[in-house]
Amino acid sequence: MTYRAPIQDMLLSLHHGAGLQAAVQAGHYGDFDAEITAAVLEEAGRFATDVLAPLNTVGDKNGIRLADGRVTTAPGWPEAYRRWTEAGWNAVSGPEAFGGQGLPLAVNAACTEIWSASNIAFGLCPLLTLSAIEALDAHGSSELKKIYLAKLVSGAWTGTMQLTEPQAGSDVGALRTRAERAGDGTYRISGTKIFITYGDHDMTENIVHFVLARLPDAPAGTKGISLFLIPKFLVNADGSLGARNDIHASGVEHKLGMHASPTCTMTMGDHGGAIGYLIGEENRGMQCMFTMMNQARLGVGLEGVGIADRAYQQALAFAGERRQGRAVGSAGSGADPIIAHPDVKRMLLQMRALTAAARTICYATAVALDIATRATDPKVRARAAARGALLTPIAKAFSTDIGNEVSSLGVQIHGGMGFIEETGAAQHFRDARITPIYEGTNGIQAIDLVTRKLGAQGGEAVFALIEELGGVVTQVERSNDPAFGTTGTKLRDALGALDRASRWLLERLTSAPNDALAGATPYLRLFGSTLGGCMLATEALAARGEGAGASARYVTLARFFAENITVQAGALERTVIDSAEAVNGADAVLLG
Ligand SMILES: Cc1cc2nc3c(=O)[nH]c(=O)nc-3n(C[C@H](O)[C@H](O)[C@H](O)COP(=O)(O)OP(=O)(O)OC[C@H]3O[C@@H](n4cnc5c(N)ncnc54)[C@H](O)[C@@H]3O)c2cc1C
């Protein structure tokens, strides 16, 4: 079954739930005309349906091949990539000075969802290139930008992000790849990186690697890491391609999913060291890499949203066709489509509501990051930067968990056929599984949320958001609309739970840090469920002005989310607070 971008849902989410419309009205987007968003998304949806979606199964079945140090992608992949760059999709939010269209990150976030939904393994390549563009634009020298940025923005060359080594996964500071000063301003890099996405491929003539390495006199840990740009082919002064650099793919992984995305072992230094160019300052590479990773974390969150929506669309279609049993009160004589059964309706609603909430959390993160760079008032920019930083781990972890839950429900709705590869439901489930792992595992995101984001300035950004969300709940309550059911009460209770859990964690961060770490994952879930519930309520309030059909659809969705998902906030608060002692006493069970 093909994929159709859910434009109406996306626009409601972007403009209202994520606050794009309010930000435009407040002047934070300069002369950007929000009206063009619908046209961009319609066009992106067409490209995804026509070009990317048909290759999704082809990529899964054929995978990639490595021979003589060169990776060949699945049939149709290079041609699709050529069409992608020619249509300008790589350049949507790229800097205008280097050929980009300069559209907001928020618009590109919606496009990223579309690429991920139609073909997640394809979309992952430009997702990483965009992160590379961000890091180079923010931290690169003007000379490096001149040579590489326009090529990356157009997509003529792709980017990779190289942190991981066998002994350095979540603990990036343990990396051993070596960099030596060559004496002419360049560096020679040697070492091995593992799990490098699109480390090699045949879709472009050059690949620009962004590699973390350590200088001989560098301090230990993350304070001694530098970031280097290492092109696959060196670039001559006139911009033409020169010699092959000393970096190549020496292996590829066989994986549970994402078969069409090459995951490479990269070897540098077989012939004296790969020529690398420093980005930013020596030993300050983690700062540059964080620019790249934050962008990529939002992108991976959007992968979760995309795969969830794809799984939902497929399950919805199946549930309308598959007939089993008579529904209670059915007027017909034969079996009814399974969508008539309340338990199947619940699963479908659960899929759609979780997807919608994750979508708006991701889009809101993009809006905050946009305001942080586009607003003219430095105070507005600073507040938005803190909001973007707070939302990023939630966008990444909540949305990718949702991608897994929803694609699992997609298999469930298909019954036995979900377990059989030919329906495609299983592929979504397999492809989704990596998203909570890469770009920093979801456990690491939760720790980041508690220690760095909640921990910053006494939780200022968290409490400001809770207060803002309280305003949404008041609006729901004041609407006096019976269609909202108990939405207002559920959201208010959840905000109380989030507030109490936040204060408890803040206190424990200093008095008993292991208690705070033990509660990080349920706290992130509590945050996402509460935030998502309030955001869907905002969208429902806005949809009430768009006719009876839209009102019924979005109010019911918001109500379902509040009454089925946000309602778990109280239990999650108790999990954060009450289970820390048992978690920290776990050795009695695990090692006893
Ligand atoms: C398909 C694929 C593509 C990838 N693409 C790239 C890429 O392009 N570039 C790149 O650099 N890397 C890439 N990676 C690597 C990926 O980012 C890492 O796998 C990930 O960061 C986790 O590291 P690890 O596998 O070493 O797991 P580990 O760090 O060993 O973690 C194992 C478990 O322990 C937990 N854990 C670890 N440390 C802590 C801690 N301090 N506190 C609490 N829990 C902890 C983790 O959450 C996890 O559950 C890719 C991986 C895969 C599988």
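Tabulated data for the structure shown
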| read-out | value |
| --- | --- |
| Total residues in the stretch 134-161, condition in contact with a Gly (Cβ under 6 Å, 6 or more places away or on another chain) and either within 16 Å of the ligand (Cβ to nearest atom) or over 19 Å from residue 108 (Cα atoms) (or both) | 3 |
| In the stretch 27-44, residue farthest from residue 107 (Cα to Cα) [restricted to those that are without any contact (Cβ under 8 Å) to a residue 40 or more places away in the chain and outside any helix (DSSP H, G or I)] | 31 |
| Filtered residues of the stretch 416-441 (kept if part of a helix (DSSP H, G or I), open to solvent by less than 20 Å² (accessible area, probe 1.4 Å) and under 21 Å from residue 263 (Cβ atoms)) | 426, 427, 428, 431, 432 |
| Residue 290 being within 14 Å of the ligand (Cβ to nearest atom), in a strand (DSSP E or B) and either open to solvent by 40 Å² or more (accessible area, probe 1.4 Å) or under 29 Å from residue 385 (Cβ atoms) (or both) | no |
| Of all residues making up the stretch 357-391, the number that are under 24 Å from residue 491 (Cβ atoms) and charged (D, E, K, R) | 3 |
| Inter-residue pairs, beta-carbon under 6 Å, first farther than 13 Å from residue 431 by Cα and in the stretch 252-269, second within 9 Å of the ligand (Cβ to nearest atom) and of a type in the set (Asp, Glu), 6+ apart | 263/253 |
| Residue identified as within 16 Å of the ligand (Cβ to nearest atom) and basic (Lys, Arg) among 396, 345 | 396 |
| Residue list for the stretch 162-183, restricted to those being touching a strand residue (DSSP E or B) at 6+ places or on another chain (Cβ under 9 Å) and either within 6 Å of the ligand (Cβ to nearest atom) or part of a loop (DSSP other than H, G, I, E, B) (or both) | 162, 163, 164, 166, 169, 175, 176, 177, 182 |
| Residue within the stretch 507-524 that is under 23 Å from the mean Cα position of the chain (by Cα), within 28 Å of residue 444 (Cα to Cα) and without any contact (Cβ under 8 Å) to a residue 60 or more places away in the chain present | yes |
| The listed residue being buried (at least 16 other Cβ atoms within 10 Å of the Cβ) and of a type in the set (D, E, K, R), out of 50, 68, 60 | 60 |
| Meets criteria (open to solvent by less than 10 Å² (accessible area, probe 1.4 Å), in a loop (DSSP other than H, G, I, E, B) and within 30 Å of residue 319 (Cβ to Cβ)) for residue 400 | no |
| Those residues of the stretch 184-200 which are surrounded by 23 or more Cβ atoms within 10 Å (Cβ to Cβ), assigned to a loop (DSSP other than H, G, I, E, B) and not hydroxyl-bearing (Ser, Thr, Tyr), in sequence order | 199, 200 |
| Residue in the stretch 236-250 that is farthest from the ligand (Cβ to nearest atom), counting only those that are on the phi < 0 side of the Ramachandran plot and touching a residue at least 12 places away in the same chain (Cβ under 8 Å) | 241 |
| Within the stretch 119-141, tally of residues that are among the hydrophobic types (A, V, I, L, M, F, W, C), free of Cβ contacts under 8 Å to residues at least 60 places away in the same chain and closer than 17 Å to residue 226 by Cα | 0 |
| Residues of the stretch 59-79 classified as out of contact with any strand residue (DSSP E or B) (no Cβ under 7 Å at 6 or more places or on another chain) and touching a residue at least 24 places away in the same chain (Cβ under 8 Å), total | 10 |
| Residues satisfying the stated conditions in the stretch 484-507, i.e. open to solvent by 50 Å² or more (accessible area, probe 1.4 Å) and either within 16 Å of the ligand (Cβ to nearest atom) or not charged (D, E, K, R) (or both) | 486, 489 |
| Within the stretch 208-219, considering residues that are away from the ligand (no atom under 12 Å from the Cβ) and in a strand (DSSP E or B), the one nearest to the chain's Cα centre (by Cα) | 208 |
| The stretch 358-383 - residue that is in contact (Cβ under 8 Å) with a residue 12 or more places away in the chain, assigned to a helix (DSSP H, G or I) and over 15 Å from residue 109 (Cβ atoms) and, of those, most open to solvent (accessible area, probe 1.4 Å) | 383 |
| Subset tally (residues that are assigned to a strand (DSSP E or B) and away from the ligand (no atom under 15 Å from the Cβ)) for the stretch 267-287 | 7 |
| Residue under evaluation residue 264, criteria (1) over 28 Å from the mean Cα position of the chain (by Cα); (2) within 13 Å of the ligand (Cβ to nearest atom), criterion not met | (1) |
| Out of 581, 563, 539, 573, sole residue that is open to solvent by 70 Å² or more (accessible area, probe 1.4 Å) and of a type outside the set (Phe, Trp, Tyr) | 581 |
| Checklist (1) within 13 Å of the ligand (Cβ to nearest atom); (2) of a type in the set (Phe, Trp, Tyr); (3) open to solvent by 20 Å² or more (accessible area, probe 1.4 Å) applied to residue 233, failing item | (1) |
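The values are calculated or read from the model by the stated rules, or taken from the named source; none is laboratory data. Everything numeric in this text was worked out from a predicted model, so none of it was measured. Heads up, the Cβs are rebuilt from the backbone with ideal geometry, glycines too, and the neighbour counts pull from every protein chain shown. With ligands, DNA and RNA removed, areas are computed over all heavy atoms of the protein, side chains included. Shrake-Rupley method; radii C 1.70, N 1.55, O 1.52, S 1.80 Å.
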